Amino acid sequence: KELLKQWIAEGANYAEPWTYLAPKRHPVPKVSFKAWPTNWVDHFILARLEGEKLAPSPDADLITLVRRLHFDLLGLPPTPMEVAAFQKAATQNLQAAIENEVDHLLASPHYGERMAIYWLDLVRYADTVGYHGDQDQSISPYRDYVIDAFNDNLPFDQFTREQLAGDLLPKTTVDQKIATGYNRLLQTSHEGGVQPKEYLAIYFADRVRNVSNVWMGATVGCAQCHDHKYDPYRSKDFYSLGAFFADVDEAQHFKVGSNSLPTKRPPELKVHTKRERARLAELADLISKMTDAKRKKELEAEHAALTKATRTTMITVAIEPRPIRVLPRGNWLDDSGPIVEPAFPEFLTKDHPSRAGTRLTRLDLANWFTDTKEGTGGLTARVMANRFWYLVFGTGIAKRLDDFGGQGEAPVHPELLDNLAVEFYESGWDMKRLHRLVLSSKAWQRSSSNLAADRKTLAADPGNQHYWRMNSRRMESQVLRDSLLHLAGTLDLTRGGPPVTASPNARRRSLYFFHSRDGRSKFLATFDDADVFACYRRSESIVPQQALAMMNSQTATAAAKQIAATFKPGMSPEAFVRAAFLKILGRQAAAAELAASLAFLEEQKKRDHFIHALINLNDFLVIR
């Protein structure tokens, strides 16, 4: 009571929560240790550390840095040659070596695969429908579109428009139609006893939850049955937001869906992906110029085979919008609520120009998400900048990646997050540039070890809220499996194509596994693979089953044998141990490790047993 009285006496000043205020660029703070920062990001980190009288951790060693770069940007370990080349360049100029390596990796086609893993988690991508029979559905070209979008550095605002409303863009392209598969990724059912009206309400709620979480970092889904308890979203806002998607055909599959595999999910389209269309054009040009009769026939055969190899994919085709009512208490049987039109949440649209008499579309919604003047583009940029930071540092500047509202957690570095957001949209929503900026910072180069930390620093900030050190992270499930195969030289790096069966004998990257909502690869699930719902941050559990999987699973034991087979048979035990350390851990074996390893080999006799021991070390499993 006394606190309230004091507040009133002081004028009862009130400010909107940070999350609903558009980000603005803040002055870069001055620091005492002027030689430390490499870019303006570091000024914010160091200024806070100096203000708290905390010291940043030392630089990570060169091997740690190059491994960190490769895992962050490709999801694969560097080869010994790549490690050596980076070390050589770094001895001349560390910062230049890091920036050059970042540019090199950003240009790799595997960058798009690494980034797609996270985006597909966000949008709850799956190759099956999810409910009841969990039948297969045709959607893999959408996965390939996402990979290409990241590789091509498609601006995030255009990435947004194409997924939410590619079919509504003028002169829509094949890729833009494929992109609208986003609107079809929710769980669906055509089981015999389904009440279509009930499931349309379920689909509706699922879509609002995902759209608001991904682009707004908001839990609008909490307003399905009543006004939001912690944020200004009203129940009407929930239904008005979902009404943007009332022109998406959600009911056709109730009539034509079947138990065939894949099941029918119209509207669908037979397509070639962007790379396939490029190859067809290249083949046609080569054939027209070819004079060697035999080679010409080979090219013609490839062209004919590729021409036939279209894939079906679910797309969005706008239909007459169905009426959307507010459902009292979320009850799909209650039709007493008012009909609502598509509309943005009222408290966020004070300055938005009126569109009286014109129905808003999904394209209007996509533009509103990325319009920094009349929409919530600044807020969207802050949500996404926070996620890019999470992908690099293992935690967001704002810890809750999916809730920038009343139950979220305010950022420890709000000015830094604001500046990252402004940088993002002022750069033209350049995703690679944002990645490059963060990875070029001195803050990213910190050691993750606590051992060299000042006791005062460790005691004052044990949770690393101020980013005085790097956070260590266990490899994600797909990254772990892919890395084992990569080290064995058996990983098939072919990009794109139909989903493959997730078996121990599969050689494609895990990203291309058939993603069933009802059943996942046991190995990947053990290491916290994303669940069937939208996943904004994967769990990082440490459980006994993981140790058992690395010791006994066919995935791990087969990889150990295959990695052991890559070394020359005639190598001496010492040469083999040294080479194995370089290949698997990226570093030289210490004297004590060498002695212990040679003793282990002498006892076990089998090289694959030693390799198996190495891949069970935290030095391999953890990105430091």
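Points worth noting:
- Test: residue in the stretch 124-134 that is touching a helix residue (DSSP H, G or I) at 6+ places or on another chain (Cβ under 9 Å), assigned to a helix (DSSP H, G or I), among the basic types (Lys, Arg) and open to solvent by 10 Å² or more (accessible area, probe 1.4 Å): no
- Residues located in the stretch 487-503, provided they are over 16 Å from Thr128 (Cα atoms), surrounded by 15 or more Cβ atoms within 10 Å (Cβ to Cβ) and at pLDDT below 95: Arg495, Gly496, Gly497
- Any hit, the stretch 608-616, residues being under 29 Å from the mean Cα position of the chain (by Cα) and buried (at least 17 other Cβ atoms within 10 Å of the Cβ): yes
- Scanning the stretch 1-42 for residues that are open to solvent by less than 70 Å² (accessible area, probe 1.4 Å), within 29 Å of Asp371 (Cα to Cα) and in contact with a Ser or Thr (Cβ under 8 Å, 6 or more places away or on another chain) yields Asn39, Val41, Asp42.
- A count restricted to the stretch 504-541 and to residues that are of a type in the set (Val, Ile, Thr) and at pLDDT below 90 stands at 1.
- Subset of the stretch 273-290 [assigned to a loop (DSSP other than H, G, I, E, B) and either of a type in the set (Asp, Glu) or open to solvent by 30 Å² or more (accessible area, probe 1.4 Å) (or both)]: Met290
- All of (1) within 30 Å of Lys568 (Cα to Cα); (2) open to solvent by 30 Å² or more (accessible area, probe 1.4 Å); (3) assigned to a helix (DSSP H, G or I) hold for Ser483 with one exception: (2).
- Scope the stretch 259-272; condition closer than 12 Å to Gly133 by Cα, surrounded by 12 or more Cβ atoms within 10 Å (Cβ to Cβ) and either among the acidic types (Asp, Glu) or over 27 Å from the mean Cα position of the chain (by Cα) (or both); matching residues: Thr263
- Gln445, sole failed condition from (1) over 25 Å from the mean Cα position of the chain (by Cα); (2) buried (at least 16 other Cβ atoms within 10 Å of the Cβ): (1)
The values are calculated or read from the model by the stated rules, or taken from the named source; none is laboratory data. The model shown is predicted, which means the values in this text are computed figures rather than measured ones. Virtual Cβ from ideal backbone geometry, glycine too; neighbours counted across all protein chains shown. Calculation scope for accessible area: heavy atoms of the full protein, side chains included, ligands and nucleic acids excluded. Shrake-Rupley method; radii C 1.70, N 1.55, O 1.52, S 1.80 Å.
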